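J.: My questions all concern the structure below.
Each value in this text was obtained by applying a stated rule to the coordinates, not by laboratory testing. Because the structure is a prediction, the values reported are computed rather than measured. When we count neighbours, we look across all protein chains shown, and the Cβ atoms used for this are built from the backbone with ideal geometry, even at glycine.
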Ligand SMILES: [Cu+2]
């Protein structure tokens with residue numbers, strides 16, 4: 001009986017610490033990182049214009065749903081390489097830290113304008 005109590009008590013303690021970590025992670029996320037879901041179909045980007053605010057770290061969760069356009073990859077905003085967009089698979093695309101207001105153009109692998117991030 002005593003053993004059972006010890007097991008239950010330690011399970012409760014473990015549960016409490018998990019809950020605490022979850023809360024901590026959620027708080028950290030809302031303070032820094034903003035994620036926006038984006039779909040790329042035959043009609044282009046949805047939403048066609050993505051909004052962010054200064055001070056945010058913006059990440060797009062991009063899902064490409066068509067094979068009929070050239071948007072199979074996006075140029076990375078930092079100018080280094082591309083991010084591949086496999087069909088029907090959500091990909092994290094880092095826009096990065098938004099430090100000034102204005103527009104950030106999102107380009108396909110051929111440098112065509114695919115979408116716009118408006119920083120407010
Ligand atoms: Cu293109």
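J.: May I ask you to compute the full-extension gain from residue 103 to residue 32, defined as 0.36 nm times their residue separation minus their alpha-carbon distance, rounded to one decimal in nm?
T.: Numbers: separation 71, 0.36 × 71 = 25.56 nm, distance 1.98 nm.
Between residue 103 and residue 32, full extension yields an extra 23.6 nm.
J.: Given a cut-off of 21 Å, what percent of all Cα-Cα pairs of the stretch 33-119 lie beyond it? Mind dumping the intermediate values first?
T.: Values: 765 of 3741 pairs.
Value for the stretch 33-119: 20 percent of Cα pairs lie more than 21 Å apart.
J.: Could I ask something else about it? What is the gain in length, in nm to one decimal, between residue 49 and residue 91 on full extension, counting 0.36 nm per residue of separation less the C-alpha to C-alpha distance? Display every interim value, and only then the final one.
T.: On the way: separation 42, 0.36 × 42 = 15.12 nm, distance 1.82 nm.
Result: 13.3 nm gained on full extension.
J.: Place a point 7 Å from Cα of residue 116 in the direction of its Cβ. Which residues in the stretch 69-105 have their backbone N less than 12 Å from it?
T.: Within reach of a label on residue 116, which here means backbone N under 12 Å from a point 7 Å along Cα→Cβ, the stretch 69-105 contributes 102-105.
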